[in-house]
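A short worksheet on the structure shown next.
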Amino acid sequence: MIDIKTQYAGLTLRNPIIVGSSGLTNNAERNKEFEKAGAGAIVLKSLFEEQIEMQSDSLMQDADYPEAADYIRGYVKANQVNNYLELIKKTKELCTIPIIASINCYKSDVWIDFARQIELAGADALELNVFFLETSLEYNPDEIRDLYVNIIRKVKETVSIPIIIKIGKNVGNIPALVNTLKVNGADGVVMFNRFYQPDIDINSMQIVSGNVFSNHSDLSDTIRWTAIISGKVPGISIASSTGIHDWEDVIKCLLAGASAVQMCSAVYTHGGEIISQVLTCIEEWMHQAHYQNLSQFQGKLNYANIPNPAMYERSQFMKYFSNRD
């Protein structure tokens, strides 16, 4: 009997497939369908801190009195938060698999009370998506590290459910950051979040949205850093994310050391049925390879377990193609 259960950030998942945070997971009934399709867990659509602030600013443009600002901000936030708490409660009523709430934040103290409400609403874990692009010419990496540390410490003091940090691959020294997150109480890390993809319309001379979905070419960085972090920073769960589109991608991430994977673009493209297809293929691959459970091959090819870990550190094309005409 093949067992595909996995441990992720203190949660027991029936399998490693997590439906990632997106518009797909903003509906309780649809989340139930993902559970029926076989999902091991679901990350609810993120509530964006900056989105609430933008909505508040938009409403305040029509306000006649400056003193109305605090009221408007409070009203918008309360309304958004209440809607989100209802999504958690309703999804928990319909689903039996772990439900992970998600906040997209960039300040250390804004969401402390909200994190407590998320736990009381029944969320099994909280994913903090610390999502920003550093463009300052006076960039100080210590400030970025301190931002992460302040967020994780304050939230950990507030709630007892597992806290997971979703990071970008542009944060500098990724192993050092993940180790810092682990030391300060993070239960898991997701690699990676996906930035808005800008494009240029050369006819209208405007900035437009590029492709919102990931593709297979994005998987290489995900595998690289999953393997390195798994090998160098043991003791923290890793969910691989970005570029995972089929069952082979899932197995590659597990071999690299992931505890779970997040699928989003593939679910958008193929629907929830892709989950059951992926799970069927994983079990068949395990059967043919004579694996009875995931732990027998998870991390087998991570940074610490291969003869030449430098394979994951190579970055120069010339090392591969110098002998080609």
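No value in this document is a laboratory result; all are computed from the given coordinates. The model shown is predicted, which means the values in this text are computed figures rather than measured ones. Neighbour counts run over all protein chains shown; Cβ positions are idealised from the backbone, glycine included.
Each residue of the stretch 232-245 is assigned a 3J(HN,Hα), and the resulting list reads 9, 10, x, x, 10, 6, 10, 10, 6, 8, 5, x, 9, 10 Hz, derived from the Karplus form 6.51 cos²θ - 1.76 cosθ + 1.60 (θ = phi - 60°), x at Gly and Pro. Separation of the stretch 146-210 and the stretch 218-268 by C-alpha centroid, Å? If you average the Cα positions of each part, the centres end up 15 Å apart.
Multiply the residue gap between LYS232 and HIS270 by 0.36 nm, knock off their C-alpha separation, and tell me the result in nm, one decimal place.
Details: separation 38, 0.36 × 38 = 13.68 nm, distance 3.51 nm.
Additional length available on full extension: 10.2 nm.
Pairs LYS89/LYS154; LYS89/LYS252; LYS90/LYS166; LYS89/LYS182; LYS90/LYS252; LYS45/LYS169: which are spaced more than 32 Å apart, C-alpha to C-alpha? From the list (LYS89/LYS154; LYS89/LYS252; LYS90/LYS166; LYS89/LYS182; LYS90/LYS252; LYS45/LYS169), the Cα-Cα distance tops 32 Å for LYS89/LYS252; LYS90/LYS252. In this structure the amide hydrogen of SER102, modeled in the peptide plane, comes within under 5 Å of the amide hydrogens of LEU44, LEU47, GLU127, none closer than 5 places in sequence on its chain. Under a 5 Å amide H cut-off, with hydrogens placed 1.01 Å from N, ILE236 pairs with nothing among residues at least 5 apart or on other chains. Of all DSSP beta bridges located in the stretch 186-256, what percent are antiparallel, nearest 5? Approximately 50 percent, going by the DSSP bridge assignments. For the stretch 81-91, backbone phi angles converted through the Karplus equation (6.51, -1.76, 1.60; θ = phi - 60°) give residue-by-residue couplings of 5, 4, 4, 5, 4, 5, 4, 4, 4, 5, 5 Hz, Gly and Pro being listed as x. Each residue of the stretch 220-225 was assigned a 3J(HN,Hα) from its phi angle through the Karplus expression (A = 6.51, B = -1.76, C = 1.60, θ = phi - 60°), giving 4, 5, 4, 5, 3, 6 Hz with x at Gly and Pro. What FRET efficiency comes out for THR280 versus PHE213 if R0 is 25 angstrom and r is the Cβ-Cβ distance? Round to the nearest 0.05. Efficiency for this residue pair is about 0.60.
Proximity of backbone amide H atoms, modeled 1.01 Å from N, is registered between VAL190 and ILE165, LYS166, ILE167, ALA239 at under 5 Å, excluding neighbours fewer than 5 places apart on the same chain.
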